[in-house]
Amino acid sequence: MKKLLALLLAAMMVFSLAACDLGSTEDPNKDNPGASQTEDQGGEEKQATESTPSSSGKSEDAGSNEVEIPTTGTPIGWPDNEYTKLVPTPDSGGKVLTSGEIGTLFAIELKWSMDQGLAYVQQLQEAGFGDDCVEKYQKQGTLDRTVNGVNVQVLDLFGVTSVSIMKVEE
């Protein structure tokens with residue numbers, strides 16, 4: 001149990017670092033071509049200083065204006081694979097921040113409020129993962145259940161919820 005929790009925490013750290021690295025490398029690549037085009041047009045100093053604040057503002061505004069994060073339905077970017085088919089698909093909205101397979105574990109980090117996590121834990125409870133899933137998640141902010149050869153862990157981390165799914169032998 002302790003090893004599994006340690007693995008889960010390590011996986012979340014790796015995904016968090018990967019998400020930070022991906023975000024920081026993508027935005028400058030998108031912004032640099034625009035900045036170089038404006039520099040070619042003249043007024044290099046003025047344009048370069050103006051493009052930095054406005055381009056970072058655009059990327060944040062564009063992300064929030066283009067796709068509003070839903071509060072119901074399947075989370076944006078929810079993966080469809082052999083692991084996620086073993087558990088109910090969340091119906092509490094949100095957005096997948098990162099996901100990936102680590103050995104025999106599939107981890108998903110979602111932008112979720114505690115209420116959205118509770119809604120998903122309720123779905124797990126209704127799917128047979130235990131009658132006390134919601135109560136335990138409310139008290140501890142975490143759930144770790146194994147049913148019919150599937151281990152599911154849900155962990156609330158202040159606006160980011162980690163869901164891990166793993167096949168296990170009983």
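The values are calculated or read from the model by the stated rules, or taken from the named source; none is laboratory data. Here the structure is a predicted model, which means the values were calculated and not measured. Cβ atoms come from the backbone with ideal geometry, glycine included; neighbour counts cover every protein chain shown. What goes into the accessible areas is simple: the full protein's heavy atoms, side chains included, and nothing from ligands, DNA or RNA. Shrake-Rupley method; radii C 1.70, N 1.55, O 1.52, S 1.80 Å.
Evaluated against (1) in contact (Cβ under 8 Å) with a residue 40 or more places away in the chain; (2) over 16 Å from the mean Cα position of the chain (by Cα); (3) surrounded by 14 or more Cβ atoms within 10 Å (Cβ to Cβ), VAL147 falls short on exactly one condition, (1). In region 77-101, the residue that is surrounded by the most Cβ atoms within 10 Å (Cβ to Cβ) out of those that are outside any loop (DSSP other than H, G, I, E, B) and of a type in the set (A, V, I, L, M) is LEU97.
Do we find a residue being of a type in the set (D, E, K, R), surrounded by fewer than 17 Cβ atoms within 10 Å (Cβ to Cβ) and assigned to a loop (DSSP other than H, G, I, E, B) anywhere in region 134-142? Among the residues of region 134-142, not one is of a type in the set (D, E, K, R), surrounded by fewer than 17 Cβ atoms within 10 Å (Cβ to Cβ) and assigned to a loop (DSSP other than H, G, I, E, B), which makes the answer no. Among the residues making up region 113-133, a single one is closer than 13 Å to SER162 by Cα and exposed (fewer than 15 other Cβ atoms within 10 Å of the Cβ): MET114. Condition test on LEU110, is it among the hydrophobic types (A, V, I, L, M, F, W, C), surrounded by 15 or more Cβ atoms within 10 Å (Cβ to Cβ), part of a strand (DSSP E or B) and in contact (Cβ under 8 Å) with a residue 24 or more places away in the chain? Criteria met by LEU110.
Filtering region 157-170 to residues that are free of Cβ contacts under 8 Å to residues at least 60 places away in the same chain and open to solvent by 40 Å² or more (accessible area, probe 1.4 Å) leaves PHE158, VAL168, GLU169, GLU170.
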